[in-house]
Amino acid sequence: MWDYTKSVMDHFSNPRNVGKIENANGVGEVGSLACGDALKLYLKIDPATGKIEEARFQTFGCASAIASASALTEMVKGMSLEEAEKITNDDIARFLGGLPEQKMHCSVMGREALEAAIANFKGEKIEEHQDAQVICKCFWVDEHKLREVITENKLKTVEEVTHYTKAGGGCGGCVPDIKRILDDINGKAAESSPAAKPQMTNLQRIKLVTTTIETKIAPMLRQDGGDIELVDIDGFEVFVKLRGACAGCPGARATLQNIVQETLRREVDEAITITEVTK
């Protein structure tokens with residue numbers, strides 16, 4: 001499992017400010033369910049003072065995504081808009097005592113949601129950069145976002161870019177373009193990740209998914225009276241059925257996201273998503 005700090009685990013297990021604000025006057029939504037992470041941030045801002053009176057969130061994602069969103073809502077409450085606008089993804093990570101580098105994209109998503117919510121309050125539109133070239137088609141990351149994140153976080157390697165944006169964590173076809181952008185920004189040849197996993201064939205991926213479920217995931221679930229069945233694999237989408245105590249459990253979604261999907265992403269590929277089969 002990931003080496004999470006106590007603060008991350010606390011904000012994941014006991015997230016603060018979950019839910020929506022019915023009369024929110026600043027709402028920011030980022031991410032994509034298709035890519036495995038999505039966050040909607042609600043702010044209630046005093047128009048007279050510009051103070052953030054309340055902040056809540058709804059999210060679909062891993063433990064780091066939940067913890068980052070929870071931390072962000074705690075950070076911004078009581079802040080002025082000017083103060084909130086200065087929050088960086090590193091600030092969110094530091095508030096949590098640090099995040100695994102592979103999970104820094106969760107803090108980036110939090111910063112982007114805050115930026116979108118403040119823009120919504122001001123009646124501004126976030127510049128979408130529709131003319132920006134999509135570099136990573138697995139996670140739909142365009143060149144503008146890559147340049148912004150690389151510059152803000154002083155990233156030097158392809159591996160770091162993947163950790164902060166997910167770009168390059170799927171098929172790997174965009175790695176040359178990521179290196180080109182790194183070279184352009186840093187003015188020198190970007191380092192390739194020595195730890196980058198070699199691209200697998202579909203057959204290799206299917207075999208590794210099957211083995212990981214049988215040897216690592218299923219034994220964990222059986223300890224609590226549950227079980228899991230692999231139903232199908234379509235590219236990077238894995239279809240599973242929960243069995244035993246896990247079937248119909250209120251915590252089934254958390255089990256799928258934070259145990260099944262997290263383990264497969266760590267052991268097999270960051271691009272993997274989990275779909276539950278209930279029939």
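Give the peptides 154-161, 62-69 in descending order of average Cβ contacts within 10 Å, highest first.
62-69, 154-161
Compute the Rg/Rh shape ratio of region 1-114: radius of gyration over Kirkwood radius, all on alpha-carbon atoms.
Rg divided by Rh gives 0.95.
How far is the Cα center of region 155-185 from the Cα center of region 238-279, in Å?
28
State the dimensionless ratio Rg/Rh of the chain (Rg: radius of gyration of Cα atoms; Rh: Kirkwood radius).
On the way: Rg = 19.4 Å, Rh = 19.8 Å.
Result for the chain is an Rg/Rh of 0.98.
Counting other beta carbons within 10 Å of each Cβ, put Met79, Met104 in order, fewest first.
Ascending Cβ contact count within 10 Å gives the list Met79, Met104.
Select from region 1-82 those GluC sites (Glu not before Pro) which occupy a DSSP coil region and have at most 14 other Cβ atoms within 10 Å, ordered by residue number.
Counting only loop positions with at most 14 other Cβ atoms within 10 Å, the GluC sites (Glu not before Pro) in region 1-82 are Glu22.
Once the convex hull of the C-alpha atoms of region 134-186 is built, how many Å³ does it hold per residue, rounded to a whole number?
Values: hull volume 3.1 nm³, N = 53.
For region 134-186, the hull spanned by Cα atoms encloses 58 Å³ per residue.
For a protection proxy built on the mean count of beta-carbon atoms within 10 angstrom, sort 91-99, 231-239, 112-120 highest first, please.
Packing proxy ranking, top to bottom: 112-120, 91-99, 231-239.
Using just the alpha carbons, could you tell me how many Å³ per residue the convex hull of region 202-276 encloses?
70
Given the rule -39500 (n - 2.57) for each run of at least 4 DSSP H residues, summed and divided by the residues of the chain, what is its mean residue ellipticity at 222 nm, to the nearest 500 deg cm²/dmol?
The per-residue figure over the chain is -11000 deg cm²/dmol.
Read-outs: derived from the displayed coordinates by stated rules, not from any lab. Owing to the predicted nature of the structure, the values given are computational and were not obtained by experimental measurement. Neighbour counts are summed over all protein chains in view; Cβ atoms, including those assigned to glycine, are modelled from backbone coordinates with ideal geometry.
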